[in-house]
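Q: Please see the structure below; I have some questions.
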Amino acid sequence: MLQECLHLHSNKGCYQRLCSVLLMLTSRPTLGQEDKFTFARQIAECWMDEVERVEKETDIAKLKTALSEKTLIGEFVGHPAHQHLVTYPAVGLYFFLLTDHSKNYTAADPLIAKSIISEFKLKGVRTESLGTYDTLKELKEKLVEDYIEMAQGSIGCEEEGVVLCFVQRNKDKNDFTLCLCKSKTIEYNIYRLLREILRELFSDPSTSKKPVKEPSSERFYNEVEAMVKTWFGKLNYKKYKELPEYFVSKPLWYYKQLGDKVFQYIKKLPDKDSIKKIVKKKFADFSGNFYCTLCRSF
């Protein structure tokens, strides 16, 4: 059963079933050492650390009961060998939602997951309600308002952005999540754009589906400017016309300096493999160093 689970979840993605299986075990298992099990093995070890902590500090039997026929949904973050765009203080599984195997809906009310995470002192993300709305018009206005506030967040404070859970509130209190989506800060998308342009320095141009443009700091800045102009132009609400020209966490000249400094550094590297190692494995540390340096001069 365990090997089957490792095989099913050996790629990047969701590993909830693996955690559910491991919770039922009485001792830490010996996991497959093949490369295809790398992510599953690391996540399993991380989850077993949590299980052993719960066993010492609270009540593991109670956790098993709380998660019977249910799955906690979360994200595996902080591993130095699997960096994305944001740095984390430690390796961990951060949970935010719960699914119920006996129910035919996307997920349970996020407040249920929040309660379990709090009770057993698991790692979780900040969860808050944006209110209850009876009409789509009210909901849309609130979403635009909160999007503007969230989009202006810096990658250093707000990190990637938010996960929005749309919950149906029922008279019988049997509330559940209808659907969910991610909303990223503009600065997060700017750093992702920088990473994708840098990838072209070591990628095979023949595999690209788009016309190949020379990676450069000038190209990066031009695409950043076009990106934020496009997003701001989508807000056709009169009440937002008095906002600054671009609602980004920093002025655009900051990102021009960022691109200049990054490409100056990249040009000093000896070969494509050195660039590839930074961009694919250490980009969060790499970009974070420039972020901190520029912020001190900001």
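The values are calculated or read from the model by the stated rules, or taken from the named source; none is laboratory data. All of these numbers come straight from a predicted model, not from anything done at the bench. Here Cβ is always computed from backbone atoms with ideal geometry, including for glycine, and neighbour counts include all displayed protein chains. We work out accessible area using only protein heavy atoms, side chains counted, and drop any ligands, DNA or RNA first. Shrake-Rupley method; radii C 1.70, N 1.55, O 1.52, S 1.80 Å.
Q: Using only the Cα atoms of the stretch 69-184, build the gyration tensor, take square roots of its eigenvalues as a ≥ b ≥ c, and label the shape rounded, prolate or oblate: rounded if a/c is under 1.5, else prolate if a/b is larger than b/c, else oblate. Present the calculation step by step, with values, prior to reporting the outcome.
A: Details: a/c = 2.33, a/b = 1.19, b/c = 1.97.
The shape class here is oblate.
Q: Of LYS182/LYS280; LYS182/LYS256; LYS140/LYS184, which sit over 25 Å apart, Cα to Cα? Numbers along the way, then the final one.
A: Details: LYS182/LYS280 23 Å; LYS182/LYS256 27 Å; LYS140/LYS184 17 Å.
Too far apart for the 25 Å limit: LYS182/LYS256.
Q: Does the stretch 103-151 classify as rounded, prolate or oblate by the C-alpha gyration tensor (a ≥ b ≥ c root eigenvalues; a/c under 1.5 gives rounded; else a/b over b/c gives prolate, otherwise oblate)? Kindly include the intermediate steps, with their values, before the conclusion.
A: Details: a/c = 3.04, a/b = 1.62, b/c = 1.87.
Oblate, since a/c reaches 1.5 and b/c is not below a/b.
Q: Moving to a separate point now. Run the accessible area of the stretch 39-154 with a 1.4 Å probe and give the carbon-and-sulfur part as a rounded percent. Could the numbers behind the result be given before it?
A: Values: 3240 of 6390 Å².
Ligands and nucleic acids excluded, carbon and sulfur reach 51 percent.
Q: Using the Karplus curve 6.51 cos²θ - 1.76 cosθ + 1.60 with θ = phi - 60°, work out ³J(HN,Hα) for each residue of the stretch 192-199 in order, rounded to whole Hz, and write x for Gly and Pro.
A: In residue order, the calculated couplings are 5, 4, 4, 4, 5, 5, 5, 4 Hz.
Q: I want to check the label-to-label distance for LEU178 and MET227. Put each point 7 Å from Cα in the C-beta direction and report it in nm to one decimal.
A: 3.1 nm
Q: How big is the convex hull of the Cα atoms of the stretch 46-97, per residue, in Å³? Intermediate results must be reported in sequence, preceding the final value.
A: Values: hull volume 5.0 nm³, N = 52.
About 96 Å³ per residue, rounded to a whole number.
Q: Compute the Cα gyration tensor for the stretch 119-190, then decide on rounded, prolate or oblate, letting a ≥ b ≥ c be the square roots of its eigenvalues: rounded whenever a/c is under 1.5, prolate when a/b is larger than b/c in the other cases, and oblate in all that remain.
A: Working: a/c = 2.71, a/b = 1.30, b/c = 2.08.
In terms of gyration-tensor shape, oblate.
Q: OK, next. When only C-alpha pairs under 8 Å and at least 6 residues apart count, what is the relative contact order of the stretch 77-227, in percent? Walk me through the numbers on the way to the answer.
A: Numbers: 164 pairs, mean separation 27.8, N = 151.
So the answer I get is 18 percent.
Q: Additional query: Test of understanding: extend the Cα→C-beta vector of GLU52 to 7 Å, then name every residue of the stretch 108-134 with backbone N under 20 Å from that spot.
A: Those under the cut-off are 120-123.
Q: Please compute the modelled spin-label separation between TYR265 and LYS282, points set 7 Å along Cα→Cβ, answer in nm with one decimal.
A: 1.0 nm
Q: Which whole-number value in Å² is the accessible area per residue of the stretch 36-106, probe 1.4 Å?
A: On the way: 3490 Å² over 71 residues.
Heavy-atom accessible area per residue stands at 49 Å².
Q: Next question, about the same structure. For THR106 paired with HIS84, estimate the spin-label separation in nm (one decimal), with each label point 7 Å from Cα along the Cα-to-Cβ line.
A: Modelled inter-label distance: 1.7 nm.
Q: For a Förster distance of 45 Å, can you work out the FRET efficiency between the beta-carbons of ASP59 and GLU196, rounded to the nearest 0.05? Could the numbers behind the result be given before it?
A: On the way: r = 46 Å, r/R0 = 1.02.
After rounding, the FRET efficiency stands at 0.45.
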